[in-house]
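The structure appears below as structure tokens.
The values are calculated or read from the model by the stated rules, or taken from the named source; none is laboratory data. Since the model is a prediction, treat every value here as computed from it, not as a measurement. A quick note on method: Cβ atoms are made from the backbone with ideal geometry, for glycine too, and the neighbour counts reach across all protein chains shown.
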Amino acid sequence: MLETIITWLTDTIFRLGYPGIVLLMALESSFFPFPSEVVMPPAGYLAAEGRMDFGLALAAGIAGSVLGAVVNYYVARKLGRPLLHKYGRYVLISEASLDKAEQFFRRHGEIGTFVGRLVPVIRQYISLPAGLAGMRLDRFAAYTAAGAGIWCAILTYIGWYIGKHADVLRREEVQRYSTMAAVALLPILVVITVVYVVRHRRRATPQAGDKDG
């Protein structure tokens, strides 16, 4: 059944073209997440067949991710806390977690956005605390594009790789490779976060010479 859905999605993306990828990835970044694992790998598979351009498909995926994230950002920024506190529980967002995330984003919005876009589940909701905290939109969009770009590139490559070595894009293969990629990213994200924390603390800690002066 799921393989039939993926086959249908592959054909649908091909008919809609790159705007279809933009729309589906915007949905993936919205309140009603549509898994990117069933959008970008089919696009990569089509690229392997010569029916799409890898670079354009990737650009469309990034554009859609940023578009959906900006929509969420503005929902949080313009409609504010009352709406999210009232209805957030329906999309698995508790008030306590929202408060903590907002406080974090006031201090570390850039690293939070970048790393969050590479973590499953979190990537769909990372825009909300960014909007509530009033993170600069240009920086939010830039770090969203950076994080989403890495993940979209990985998924597109997975589809391209399968397309070069198999006749059918199977869900099990996509899931296996995407899980391997997510696990491989974890230590890299930990290192990036640790380096950020160390540098941030060094900048925040007054030097001995400054104290004496």
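On the basis of being modelled with pLDDT of 85 or more and outside any helix (DSSP H, G or I), does M25 make the cut? Before the answer, list the steps.
Values: modelled with pLDDT of 85 or more: yes; outside any helix (DSSP H, G or I): no.
So M25 does not fit the description; no.
Could you grab me the full set of residues in region 25-57 that are under 20 Å from G116 (Cβ atoms) and crowded, with 24+ Cβ neighbours inside 10 Å?
So in region 25-57, the residues under 20 Å from G116 (Cβ atoms) come out as 25-37, 39-40.
Within region 25-57, M25, E28, S29, S36, V39, M40 qualify.
State yes or no: is A130 farther than 21 Å from A57 by Cβ, without any contact (Cβ under 8 Å) to a residue 40 or more places away in the chain and of a type in the set (A, V, I, L, M, F, W, C)?
On the way: farther than 21 Å from A57 by Cβ: yes; without any contact (Cβ under 8 Å) to a residue 40 or more places away in the chain: no; of a type in the set (A, V, I, L, M, F, W, C): yes.
No; evaluated as a whole, the condition is false for this residue.
Hey, among the residues in region 1-21 that are of a type in the set (V, I, T) and touching a helix residue (DSSP H, G or I) at 6+ places or on another chain (Cβ under 6 Å), which one's modelled with the lowest pLDDT? First the steps, then the outcome.
Of all residues in region 1-21, those of a type in the set (V, I, T) come to 4-7, 10, 12-13, 21.
Subsequent filtering for residues that are touching a helix residue (DSSP H, G or I) at 6+ places or on another chain (Cβ under 6 Å) retains 6, 10, 13, 21.
Details: I6: 61, T10: 66, I13: 74, I21: 91.
That would be I6.
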Practice problem: Go through L79, L84 for me and flag whichever is more than 17 Å from the chain's Cα centre (by Cα), crowded, with 19+ Cβ neighbours inside 10 Å and at pLDDT below 80. | Solution: L84
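Of all residues in region 105-125, which are among the basic types (K, R) and either crowded, with 19+ Cβ neighbours inside 10 Å or in contact (Cβ under 8 Å) with a residue 40 or more places away in the chain (or both)? Break it down into steps so the answer makes sense when it comes.
In the first step, residues of region 105-125 are kept if they are among the basic types (K, R); the result is 106-107, 117, 123.
Once the filter is applied, which keeps residues that are among the basic types (K, R) and either crowded, with 19+ Cβ neighbours inside 10 Å or in contact (Cβ under 8 Å) with a residue 40 or more places away in the chain (or both), region 105-125 yields R117, R123.
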Quiz item: Does A184 satisfy the criteria of being among the small types (G, A, S) and within 17 Å of G61 (Cα to Cα)?
Solution: no
Exercise. Select from region 141-173 the residues that are without any contact (Cβ under 8 Å) to a residue 40 or more places away in the chain, more than 14 Å from the chain's Cα centre (by Cα) and either crowded, with 17+ Cβ neighbours inside 10 Å or assigned to a helix (DSSP H, G or I) (or both) and list them in ascending order.
Key: H165, E172, E173
Quiz item: Is there a residue being at pLDDT 90 or above, more than 13 Å from the chain's Cα centre (by Cα) and outside any helix (DSSP H, G or I) anywhere in region 61-71?
Solution: no
Quiz item: Are any residues in region 126-140 touching a helix residue (DSSP H, G or I) at 6+ places or on another chain (Cβ under 8 Å), surrounded by fewer than 19 Cβ atoms within 10 Å (Cβ to Cβ) and part of a helix (DSSP H, G or I), and if so, which ones?
Solution: L137, R139
